[in-house]
């Protein structure tokens, strides 16, 4: 981190007669947000031909113009003004003397630094320093300190230390202190000593850094802000010099408590906090702290300052660990661009960001790009060596990861000799990288832990258990020494040791390790989720594979041990936890509160749902703004951070109120996993539950009935399953066919059969599915985007030929939904139908076969505002017939239809949807991002009174429903919500579950209007025909009716297979 030296703005009014009115007018325009107007005013004043502009006036005017151009993001114009200012400074020296020229050079250096040209800034300060130290030593001390900061940024560490010492010497001379007297007190001396301490840390001189910190504390006097700056430097020494994370965190928190959010000191503290969290594996907190640092730096320092780029780099590393590859890539790209522009193409910090980006490339399967970034970094380090060998070590480890990935590829392609050679190369590179990092930071550096684990695991997979154990043991010792108890990385290391102990025959030790690892990991993840937010969900997603590894280990190590099987069952549920599952669980909690006639508690639970959604939206806005390029003159980033803090506090207040009013319910809302016996008790005699979990190395399939639970460890890696799902999705893509039923895509029958062999056939082979007619399926990962009816049994045909199916978002939700069934809707009316919205396009088009989706609008019109995009959606007159047919099956006095012009959000709310047991929306469904400006999923209704006519997911979640079933007869209503690490069913489906729906009928892709009318009416008729209707069975019959249509035009699964029941 670097302390900010704020060079005072020149007193231009006193120095430049005649320029004061223009300067003040331009500064006022810029401060009001009109940077363009300010720059135009200045450039008109400075235009060639304007008479009477002296060098005294030209220099400050040019500097201000350059600063405004930087604010606008126009580096070319800023540079032109600064070059003109340099020419004016040369004239100033002869007109006003060397002191005025030196002061102008100092101000010019600050402007060059704001532009990001540190070389030019260094040149200007170097020209100013001799004059100032001779004539005005205090000003000379300030300039020496500023040049030291620049040189530290450029990793010219010896020169930087000399500059800080020179600054202190000038301050002593100005105060007339003898050489043996204590350091002078005050801001200038404190800054010089603090910066000296940081530079010594950069150079690896920990003892020298400690000594400088002690001197800096003495120089602060009673100034609390200066004390905070030194405390932050001490935190850096504790964190990276002494590996005392607890002490460092305490200092960081003290600084955060005293620094304003727009103070650079707050940014430094947040960045240090982010690094501390990251090194302890607390990725969601690391991302939040880095986001805060980005916004503080954006306001306090500007986007051209290297500190801003470093904060983006740290944000990218945390997001990459959380699974936000796109957002991480954007952060790395922006940070690298800034560092290259400001520090040059050989700068170690630029290549450090490139190496981190290479790790992201590797995760995405781009081995060549990862290798190229690593080799480019090593070449740059050879030409311009960094202060220590840590950067070289990290780049070397990236090459080791590339070699390890190639070994896995060679093994999969049955090239054992090549695979073994790559393993040896990876091991050599890992050890080389560890040696380089150890030489720079010592043998207990936290940077060693990752590569030690990779080395141990790789050797273990090769059967070299004795050789693999020492690096894993060392990684565990590092995490324990760093205070890592309860963190993800310690749990990961313990799991790795369990794998090695299993391989070497130490079953008891392996069981102990994996149980300890699961306890640490589950406690850590639940602790993060208690604070809510998108980062908490992303944290869970980032450790799902670790949970799966633990579950598989427990099942392998103790297949007959019921306690171990229960832990494995719990770990599997932790891996597959979903937001939709939480929503269904919450609905059950609200129903219990309603049954207990506790209206205050019902209100709190509804407010809790709303508060959590608000926090997730605030998280998404903060992240989107943090990684965006360009200036932020209105401080939108800081406003978003403040909104997030308010949303978090609101959530914590509601959680506290629920805990005080109903402690048992508070525990229920943050549940552990369901026990096997709970699940079995919730299943009917003719039901079975299948919960497949897709792992990187294989498939884990849980099969449960009322009488038994079995776990099957099967082949089939996640990547293979994802490929099968993608092939099946391509075969039902009506968007690609432009909604024309005559151009339906070719369906991949081989992929449908392969999924049956992977998921259904093994379950049937256990005998547990004998006599079962209803499958409850808990889809995981990519399976969430696929309705189970697309699975094809070579012997019996499509899955609906044999079973009715229901999707359940999680195992815990299956138990909760069973409890909700005991409390059916008490709503007085039977049916509310909303559909056939009016969009009033310029040229109305009625396309019965077109999808009810965003793909129906003309993509060439993507530049139009959202309302104009919506106006181009096709009309859906078929939906009116669909709703009238369904309504005809209900008592006439218990039905309300909102069609055409009546299908507005206002009328829908006025109808009080909580009064209806069944609700159907037959309209267009839009995913987040489907249209420009659409930030969340929505249903399209008729616009009125200037509104866009959209019913957003957040509006839906705030409803108060008491519906047994909500039918979303629209496109993609099972799709994700578009947030970081979002899973299927997290968009519109989750919103309706939060609103109080017990079950849903949703779609997985764009659906054709004409055939959807047929499916929906047949489904409703099948339900009405049974005295005790089973929704899944009714849907099965409707699908079979379309498959077996005598005219043969409905057999393609794209037509009958889009919809699934969610819930019970």
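The values are calculated or read from the model by the stated rules, or taken from the named source; none is laboratory data. Just so we're clear, the structure is a prediction, and the values are computed from it rather than from any experiment. Glycine also receives a Cβ, built like all others from the backbone with ideal geometry; neighbour counts cover every protein chain displayed.
Do any helices (runs of 4 or more DSSP H) entirely within region 47-138 hold 2 or more residues that are within 50 Å of the chain's Cα centre (by Cα) and without any contact (Cβ under 8 Å) to a residue 24 or more places away in the chain, and if so, which? Show your work before the answer.
Values: elements: 55-71, 75-96, 98-115, 118-135.
In region 47-138, the matching helices (runs of 4 or more DSSP H) lie at 75-96, 118-135.
For the structure I just gave you, tell me whether residue 398 is surrounded by fewer than 24 Cβ atoms within 10 Å (Cβ to Cβ) and touching a helix residue (DSSP H, G or I) at 6+ places or on another chain (Cβ under 6 Å).
Working: surrounded by fewer than 24 Cβ atoms within 10 Å (Cβ to Cβ): no; touching a helix residue (DSSP H, G or I) at 6+ places or on another chain (Cβ under 6 Å): yes.
When the stated conditions are applied, residue 398 does not pass them.
Taking the conditions exactly as written (more than 23 Å from residue 684 (Cβ to Cβ) and touching a strand residue (DSSP E or B) at 6+ places or on another chain (Cβ under 7 Å)), does residue 753 satisfy them or not?
Judged against the criteria, residue 753 is a match.
Of the residues that make up region 1021-1033, is at least one within 27 Å of residue 915 (Cβ to Cβ), out of contact with any strand residue (DSSP E or B) (no Cβ under 8 Å at 6 or more places or on another chain) and at pLDDT 90 or above?
Step one: of region 1021-1033, the residues within 27 Å of residue 915 (Cβ to Cβ) are 1021-1032.
Still in the running and out of contact with any strand residue (DSSP E or B) (no Cβ under 8 Å at 6 or more places or on another chain): 1021-1029.
Pick out the ones that are also at pLDDT 90 or above and you get 1021-1022.
Yes, region 1021-1033 contains at least one residue that is within 27 Å of residue 915 (Cβ to Cβ), out of contact with any strand residue (DSSP E or B) (no Cβ under 8 Å at 6 or more places or on another chain) and at pLDDT 90 or above.
Mind counting the residues in region 1033-1064 that are within 22 Å of residue 728 (Cα to Cα) and under 39 Å from the mean Cα position of the chain (by Cα)?
14
Any residue at all in region 185-197 that's over 35 Å from the mean Cα position of the chain (by Cα), assigned to a helix (DSSP H, G or I) and free of Cβ contacts under 8 Å to residues at least 12 places away in the same chain?
Within region 185-197, none of the residues are over 35 Å from the mean Cα position of the chain (by Cα), assigned to a helix (DSSP H, G or I) and free of Cβ contacts under 8 Å to residues at least 12 places away in the same chain.
Would a scan of region 506-514 turn up a residue that is closer than 20 Å to residue 275 by Cβ and part of a helix (DSSP H, G or I)?
Of region 506-514, the ones closer than 20 Å to residue 275 by Cβ are none.
So far as region 506-514 goes, no, none of its residues is closer than 20 Å to residue 275 by Cβ and part of a helix (DSSP H, G or I).
Of the numbered conditions (1) outside any helix (DSSP H, G or I); (2) surrounded by fewer than 20 Cβ atoms within 10 Å (Cβ to Cβ), residue 753 fails exactly one; give the number of that condition.
Failing condition for residue 753: (1).
Rundown of residues vs (1) within 16 Å of residue 197 (Cβ to Cβ); (2) crowded, with 23+ Cβ neighbours inside 10 Å; (3) touching a helix residue (DSSP H, G or I) at 6+ places or on another chain (Cβ under 9 Å), yes/no style:
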| residue | (1), (2), (3) |
| --- | --- |
| 235 | yes, yes, yes |
| 249 | no, no, yes |
| 271 | no, yes, yes |
| 282 | no, yes, yes |
| 286 | no, yes, yes |
| 290 | no, yes, yes |
| 295 | no, yes, yes |
| 300 | no, no, yes |
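Residues 873, 889: which one is more than 19 Å from residue 943 (Cα to Cα), in a loop (DSSP other than H, G, I, E, B) and at pLDDT 50 or above?
Values: 873 fails: more than 19 Å from residue 943 (Cα to Cα).
After ruling out the rest, the residue left standing is 889.
Determine which single condition residue 677 fails, assuming it passes every other condition in (1) over 20 Å from residue 781 (Cβ atoms); (2) touching a helix residue (DSSP H, G or I) at 6+ places or on another chain (Cβ under 8 Å); (3) surrounded by fewer than 23 Cβ atoms within 10 Å (Cβ to Cβ).
(2)
Only one residue in 39, 23, 82 is over 26 Å from residue 145 (Cα atoms), modelled with pLDDT of 80 or more and buried (at least 17 other Cβ atoms within 10 Å of the Cβ). Which one? If you could, list the steps in order and put the result at the bottom.
On the way: 23 fails: modelled with pLDDT of 80 or more; 82 fails: over 26 Å from residue 145 (Cα atoms).
None of the other options fit; the residue is 39.
Please find, within region 415-456, the residue that is farthest from residue 496 (Cα to Cα) out of those that are modelled with pLDDT under 90 and not in a helix (DSSP H, G or I).
442
For the structure I just gave you, tell me whether residue 385 is part of a helix (DSSP H, G or I) and free of Cβ contacts under 8 Å to residues at least 60 places away in the same chain.
On the way: part of a helix (DSSP H, G or I): no; free of Cβ contacts under 8 Å to residues at least 60 places away in the same chain: yes.
For residue 385, the condition - part of a helix (DSSP H, G or I) and free of Cβ contacts under 8 Å to residues at least 60 places away in the same chain - is not met.
Would you be able to tell me the number of residues in region 436-471 that are on the phi < 0 side of the Ramachandran plot and more than 33 Å from the chain's Cα centre (by Cα)?
Restricting attention to region 436-471, the residues satisfying the condition of being on the phi < 0 side of the Ramachandran plot are 436-441, 443-462, 464-471.
Okay, now just the ones that are also more than 33 Å from the chain's Cα centre (by Cα), so 439, 462, 464-470.
Of the residues in that region, 9 qualify.
Do the conditions hold for residue 816, that is, is it modelled with pLDDT under 85 and not in a loop (DSSP other than H, G, I, E, B)? Please lay out each step first, then the result.
Details: modelled with pLDDT under 85: yes; not in a loop (DSSP other than H, G, I, E, B): yes.
Yes.
Take region 756-767 and flag every residue that is farther than 21 Å from residue 728 by Cα and surrounded by fewer than 20 Cβ atoms within 10 Å (Cβ to Cβ). Show your work before the answer.
Of all residues in region 756-767, those farther than 21 Å from residue 728 by Cα come to 763-767.
Hits for region 756-767 are 764, 765, 766, 767.
If you scan region 322-344, which residues turn out to be crowded, with 23+ Cβ neighbours inside 10 Å, outside any loop (DSSP other than H, G, I, E, B) and at pLDDT below 85?
342, the sole residue that qualifies.
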